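The values are calculated or read from the model by the stated rules, or taken from the named source; none is laboratory data. Worth saying up front: this structure is predicted, and the values here are computed from it rather than measured. Positions of Cβ are generated from backbone atoms using ideal geometry, with glycine treated the same way; all protein chains shown enter the neighbour counts. For the accessible areas, the whole protein counts, side chains as well, though only heavy atoms, and no ligand, DNA or RNA atoms are used. Shrake-Rupley method; radii C 1.70, N 1.55, O 1.52, S 1.80 Å.
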Amino acid sequence: MGNITKWSVQVKGNRETESIVAVSHQPNGVDLIGTMKSGSRTKVVGGKDSGKFVKRFLGDYRYDPADFHTLTNVVSTDKGTVYPEQGTVRFSATDKKGRINAHTPDGCDWTLTVRGDTAELDPATQTCHTATGDTSLVYWTLVTDDGRHMNAFHAGSTTTPSQPPANTFLYVGALTRSATGKDE
């Protein structure tokens, strides 16, 4: 489990930027500290989304290399384990209402809704069943300013036949558009 210890927000015009510091208290007494240095959002006027925002999310994005010092792309569990988040996520459009599909490296498909520079899991709780077990997400948010980089945060759980259920948390996620990724 973890706690957000600092959350700073600044607003200038229709742009909001934020930074987050989180601490994950591990059962072995070690505290893992993660920082998200920047993330920003653009206010969506009138609640309508523009296709330009959706396009920023489409294509292949690869998780940046995990950094266990900053906890960038490091998933922690309530069982005291940590592991790198890695691989490529393929984002594709699903309809004209700002919904996108995220196909993750584990073979799961997740539906998100784009509003401005932010995409959020929609519906809020989703479960993926695979041959190795179940993964549920209760929260997943992605933010992109430029369509080349994304910041991410997600929380969920995993269930496998050989392990007890574990709650999982990615506090500082960073993805970069793949140079060879095909934009849709």
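Okay, here's what the table says:
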item	result
Given charges at beta-carbon only (K, R positive; D, E negative), |dipole| of the stretch 46-177 in Debye	480 debye
Listed residues Lys12, Lys96, Lys52 arranged by accessible area, highest first, probe 1.4 Å	Lys96, Lys12, Lys52
Accessible area of Val74 in the full protein assembly, 1.4 Å probe (Å², nearest 10)	10 Å²
Protein-only accessible surface order, largest first, of Arg177, Arg15 at 1.4 Å	Arg15, Arg177
Long-range lysine pairs (8 or more apart or interchain), the stretch 46-177, Cα under 29 Å	6
Solvent exposure ordering (accessible area, 1.4 Å, most first) of Glu120, Glu18	Glu120, Glu18
Whole-number accessible area per residue in Å² for the stretch 46-177, which is evaluated in the context of all protein chains at 1.4 Å	48 Å²
Accessible area of Val143 in the full protein assembly, 1.4 Å probe (Å², nearest 10)	10 Å²
